[in-house]
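The values are calculated or read from the model by the stated rules, or taken from the named source; none is laboratory data. Given the structure is predicted, the values throughout are model-derived calculations rather than measurements. So basically every Cβ, Gly included, is an ideal-geometry build from the backbone, and we count neighbours across all protein chains shown. Areas reflect the complete protein model, heavy atoms only, side chains present, ligands, DNA and RNA absent. Shrake-Rupley method; radii C 1.70, N 1.55, O 1.52, S 1.80 Å.
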Amino acid sequence: MSRPRSLRRDLSLSLAAGIVLIWTLATLGAAWVVREEMDETFDSALQETAERLLPLALADDPARAGAEPRRIARAGEHAENLTWVVRDRDGTVLLWSQDAEPATFADPTPSGFSTAGGHRLYAVSDRSGRWTLAIAEPLSNRREAVRETLVTFAAPLLLLLPLTLVLVAWRTRAGLARLGDLSREVQGRDETDLRPLATTALQVELLPLRDAVDRLMARLGRALATERSFTANAAHELRTPIAAALAQAQRLIAEAPEALQPRATRLEQELKRLGRLSEKLLELSRAEGAGVLGEAPQDLAPILGFVIEDARHGPEGHRLRTDLRPLVARMDPDAFAILARNLIENALLHGEGPVEVALGDGGLRVTNGGPPVAPDLLDRITLRFQRGTSPREGSGLGLAIAAGIARGAGWRLDLVSPAPGRVDGFEARAIPPQVASA
């Protein structure tokens, strides 16, 4: 199963990716604009330099230079960023700048702007067309200028980018904080807690969600209350007629002819089973309702002692083995007695061999022998009317009642098979909240 995605993480990553993408596109756009503007500026400077330099070069008639072109020395010790050459209409070089290289200037150099050999060139002629001056600038100068401009532009942004991403993560966390509170409150509820959600100061987008959940829980609460009321009332109303029918069946057994004795006995057994089912339904109604928590913590060992003493009077009571130590917990005595009785009855009815009942700081533990219970059945056996593989007949409500009381009191009911330290058997553990959360 894939891990659920986090809304906060998705928002943070998408916003951060969007900011980085926009920042990158803006930087690339700025680089293109800066380069275009610098090219225009450098071309304008190159053109103006050539147009001002040509009259100066022609002031001293270049034709007097003789057979060899004349180098014009620079005024100072520095590298020339701009180099130039003067030719006549035949293409003969008459004047060179100090650092000019013949390979830089094509013969003839196209009029106006051109690019060749890593240089940007501009050629201009005098009005007579007799002389042509070509000036060249290395393109590396322009690339360096663009690079330095972009570094100056981007460096502060690079420093601000991590701060921006941290701000995005912080604002995303802060903006979704109430949603996280609402999620944790819903997640912390169990099926018995149907109170309205208490998270406040929600954003307007979350209010319909909270209200819808509250309405759903209210409807569910009414449905469960109706179901519990029907179960309790039906079970309660059945007790009297079942008891009357059972009395009549027992009288029938005493008075009926021998030929009717098996049927009368069978009728008595069915009425007793129906009576036990009625009692279980009443206990289930108690388990799924309120009132499983006591007013104050108390020692549950004496209560369990009474339950065990009562179970010893049954036909399987001789199988019980006990180890009772004090356990102080906040559970209603009657609710704990119902929980313990159902776990013990389940072990005596469906288990084999001795049934070990232990109580201590770790909670209540009931262990019995018998074939192991399949893992998939362990997950379903606490549902109502879900029976295991035991051949003995039961109501299918005992573990459901125990699980309902445990949930209502904040306890945890763990079912383990095989029993710890054994290759067979079954163990039920009712663990109090202070141990379950440790």
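Key figures for this structure:
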{"item": "Estimated FRET transfer efficiency when R0 is 30 angstrom, pair residue 33-residue 59 (beta carbons, to 0.05)", "result": "0.15"}
{"item": "Ordering of 101-107, 22-28, 365-371 by burial proxy (mean other Cβ atoms within 10 Å per residue, highest first)", "result": "365-371, 101-107, 22-28"}
{"item": "Residue 218-residue 43 pseudo-label distance in nm [points 7 Å out on the Cα-to-Cβ vector]", "result": "7.4"}
{"item": "Per residue accessible area of region 123-220, 1.4 Å probe, in Å²", "result": "64"}
{"item": "Estimated distance in nm for a label pair at residue 383 and residue 13, the labels positioned 7 Å out from Cα along Cα-to-Cβ", "result": "3.6"}
{"item": "Packing rank of 87-95, 210-218, 257-265, where each peptide gets the mean count of other beta carbons within 10 Å, highest leading", "result": "87-95, 210-218, 257-265"}
{"item": "Protein accessible area in region 298-345, 1.4 Å probe - carbon and sulfur %", "result": "52"}
{"item": "Rg(Cα)/(2.2 N^0.38 Å) for region 154-226, N = residue count", "result": "1.69"}
{"item": "Average accessible surface area per residue within region 289-350, 1.4 Å rolling probe, Å²", "result": "51"}
{"item": "Separation in nanometres of the label points that stand 7 Å from Cα toward Cβ, at residue 166 and residue 243", "result": "7.6"}
{"item": "Potential lengthening between residue 309 and residue 334 on full extension [0.36 nm per residue; Cα-Cα distance subtracted]", "result": "7.5 nm"}
{"item": "Within the accessible area of region 87-139 (1.4 Å probe), percent carbon and sulfur", "result": "48"}
